[in-house]
1. What number of residues in segment 96-120 are assigned to a loop (DSSP other than H, G, I, E, B) and polar (S, T, N, Q)?
2. Would you point out which residue out of ALA101, ALA61, ALA57, ALA115 is under 29 Å from GLY176 (Cβ atoms), modelled with pLDDT under 90 and small (Gly, Ala, Ser)?
3. Which of (1) at pLDDT 50 or above; (2) in the same structural domain as ALA103 (by TED's automatic domain parsing); (3) surrounded by fewer than 16 Cβ atoms within 10 Å (Cβ to Cβ) does GLY176 not meet, given it meets every other one?
4. Hey, does segment 122-130 have a residue that's within 23 Å of VAL69 (Cβ to Cβ) and modelled with pLDDT of 90 or more?
5. Between residues in segment 199-212 that are free of Cβ contacts under 8 Å to residues at least 40 places away in the same chain and residues that are among the aliphatic types (A, V, I, L, M) and assigned to a helix (DSSP H, G or I), which pairs lie under 7 Å by C-beta distance while being six or more apart or on different chains?
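The values are calculated or read from the model by the stated rules, or taken from the named source; none is laboratory data. Since the model is a prediction, treat every value here as computed from it, not as a measurement. Positions of Cβ are backbone-derived with ideal geometry, glycine not excepted, and every protein chain shown enters the neighbour counts.
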Amino acid sequence: MQLSRRQIIAYVVVAAVVVAVGVRYVVLPRETGPSEAQAVVLAPVAASPSAAAAEAASPAASPTPDVMVYVCGAVRTPGVVRLPAGARVTDALELAGGPTAKAELAAVNLAAQVADGQQVVVPERGAAVASTPSSSGSSSTGALGVTPAAGGSVSGALININTASLEELDALDGVGPSTAQKIIDYRTENGGFKTVDEIQEVPGIGDVKFAALKDSITV
């Protein structure tokens with residue numbers, strides 16, 4: 001069959017259209033990448049209810065409260081002072097202006113720890129230590145110049161050698177930490193002292209030491 005010139009042109013046009021459509025839908029998608037990158041957003045992970053509850057329930061560490069101590073006697077500025085927990089008697093005296101020239105510091109255990117509501121009395125040299133009520137009203141101030149610890153028994157201004165603590169015994173004239181421990185060991189082994197004179201049975205306490213402390217102790 002003989003094609004006319006017009007038919008040939010029509011076929012060519014149709015073929016061109018087919019080729020163009022093929023290039024558009026077949027070739028171009030393989031060569032062209034995505035029009036734009038997809039953004040990736042990471043959302044924060046919410047804490048589990050149990051973890052949040054545990055965090056809320058855990059209490060914050062609270063600081064140890066300060067203590068209030070009344071310092072009086074032979075100090076420059078007697079009064080109530082505020083100290084951190086665990087402070088010593090020497091710290092209390094410093095806040096009270098320090099001892100006066102007449103202070104008898106040997107009657108005060110400067111190394112003892114202070115407690116809230118405690119009274120620290122610094123006597124003058126040659127003066128008897130007066131018996132004064134403590135903050136609780138249940139005990140009195142002894143020869144130490146500080147309110148005695150629980151368990152200590154004081155009769156007037158005397159230290160009971162059957163119940164006094166190591167610190168109280170250490171503050172007695174002529175008695176140091178080593179001798180104070182020997183006194184405690186002796187009373188533990190022998191069921192306590194029957195008389196004041198019996199303290200001379202403790203190693204290290206002779207006539208001189210006994211003469212210095214006999215007027216400050218009782219049983």
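1. Counting residues in segment 96-120 that are assigned to a loop (DSSP other than H, G, I, E, B) and polar (S, T, N, Q) gives 2.
2. Unique residue meeting the criteria: ALA101.
3. (2)
4. Yes - at least one qualifying residue is present in segment 122-130.
5. Sorted first by the residue in segment 199-212, then by its partner, the pairs are ILE199/ILE183; VAL202/ILE183; ILE205/ILE199; PHE210/ILE199.
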